[in-house]
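The values are calculated or read from the model by the stated rules, or taken from the named source; none is laboratory data. Keep in mind the model is a prediction, meaning the values are calculated, not measured. Counting neighbours? That spans all protein chains shown, and the Cβs are built from the backbone with ideal geometry, glycine included.
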Amino acid sequence: MREVRVVELLRRSGDAIQRGDAIYVIETDKTTVEMESPHDGRIMSWRVAPGDVIPIGAAVAVIGEDNSERRVEGKVDDGSRLIPPRTRAYAKSKGVSDDILRKIPSATEKLLPSDIDAYLVTPVLPSAQGAFREYKITGVHRTLIYRLRRSASLVIPGTVSVDFPWSRLVARADVTANDVRATPFQVLCHTISLTARDHPRLRSVIVGDETIREHDQINIGIALARPNDELITAVVRAADRMSLTDFVRACGSQMRAALRDGDQITDDTQILMSHIGEYGVVDAVPTLVAPASSVIFLAAPRPASDLVRICMTFDHRVMNGRSAGAFLEAVARTLAR
């Protein structure tokens with residue numbers, strides 16, 4: 001294990017703590033773990049935030065003890081120049097690593113956000129390989145990479161697909177209720193949620209190496225793109241218990257919240273949905289990201305054809321190709337009614 005994701009901070013800066021107190025929660029490859037303080041004292045500051053992906057051994061917090069400061073898992077930075085917390089936070093938002101941060105010149109003994117801005121706009125001199133600038137991967141992108149790497153080490157993927165008349169999705173989307181209009185993609189998401197009620201494997205996720213957890217409701221995640229190529233997920237919970245009208249409203253509400261506040265995926269999100277049909281993509285093999293047990297991609301209609309492809313990648317540890325194929329067939333049968 002090379003890195004973990006910070007899930008939650010259990011204490012605030014300034015809180016008094018004792019050795020053995022749980023102070024933050026991390027997500028590892030298989031579970032979430034409460035981490036305990038190795039010292040008595042007071043939390044002077046946090047060096048991480050929920051959602052951060054950090055390497056093993058990284059500094060997490062600064063604990064004050066007997067008028068001294070001690071990092072949890074790490075050593076205090078050497079060097080005489082002061083780098084205030086707000087400057088570190090600003091550098092992190094710009095993708096500037098701590099190693100680069102220490103090398104950025106400043107006009108005073110204190111490094112300021114303006115110094116970072118000046119560094120970032122400095123022209124890059126051409127080299128034998130051409131001009132380039134490197135940035136540290138941080139934030140939402142690093143969280144996604146962490147989940148992809150974790151999924152690659154855990155998930156055994158399989159893929160099935162079916163072709164379906166696009167006009168049937170459009171016809172169902174034309175049905176309106178209370179001034180709410182569904183898109184063809186929302187129609188598919190809702191139909192998949194309803195169909196999954198009769199397919200227990202689609203309501204299931206794997207826990208550890210030996211347990212399959214079957215849920216009573218469908219929590220469906222919808223992939224969203226944010227600026228800077230960030231990929232996040234909005235989650236509609238209990239989607240199988242909603243009418244199409246209620247589902248469309250929930251989609252709008254959850255998507256707005258995710259774009260504003262960040263990723264909503266949880267350990268009980270079983271199905272992920274993806275669609276980039278506005279770019280004319282007629283086929284793709286979607287990548288499954290744990291903890292979900294399946295991801296379903298809706299393509300764009302093929303040129304000069306009414307057919308559209310629905311492709312599903314599933315976790316072979318949870319279900320087999322027969323179960324996945326039967327599910328997609330049931331979805332197509334439901335849409336044909």
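Structure summary
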| item | result |
| --- | --- |
| Which listed residue, of 34, 3, 8, is of a type in the set (Asp, Glu) and either in contact with a helix residue (DSSP H, G or I) (Cβ under 7 Å, 6 or more places away or on another chain) or in the same structural domain as residue 209 (by TED's automatic domain parsing) (or both) | 3 |
| Count - residues of the stretch 226-249 that are of a type in the set (Gly, Ala, Ser) and surrounded by fewer than 20 Cβ atoms within 10 Å (Cβ to Cβ) | 2 |
| Scan of the stretch 191-212 for residues that are touching a residue at least 40 places away in the same chain (Cβ under 8 Å) and in contact with a strand residue (DSSP E or B) (Cβ under 9 Å, 6 or more places away or on another chain), ordered by number | 192, 193, 196, 201, 202, 203, 204, 205, 206, 212 |
| Test result for residue 169, of a type outside the set (Ser, Thr, Tyr), within 30 Å of residue 302 (Cβ to Cβ) and not in a helix (DSSP H, G or I) | no |
| Matching residues, the stretch 5-24, being free of Cβ contacts under 8 Å to residues at least 60 places away in the same chain, in a strand (DSSP E or B) and crowded, with 17+ Cβ neighbours inside 10 Å | 6, 9, 17, 23, 24 |
| Residue tally, condition assigned to a helix (DSSP H, G or I) and more than 14 Å from residue 331 (Cα to Cα), over the stretch 185-210 | 3 |
| Residue in the stretch 304-314 that is in the same structural domain as residue 266 (by TED's automatic domain parsing), buried (at least 22 other Cβ atoms within 10 Å of the Cβ) and of a type in the set (S, T, N, Q) present | yes |
| Within the stretch 34-50, tally of residues that are at pLDDT 85 or above and part of a strand (DSSP E or B) | 8 |
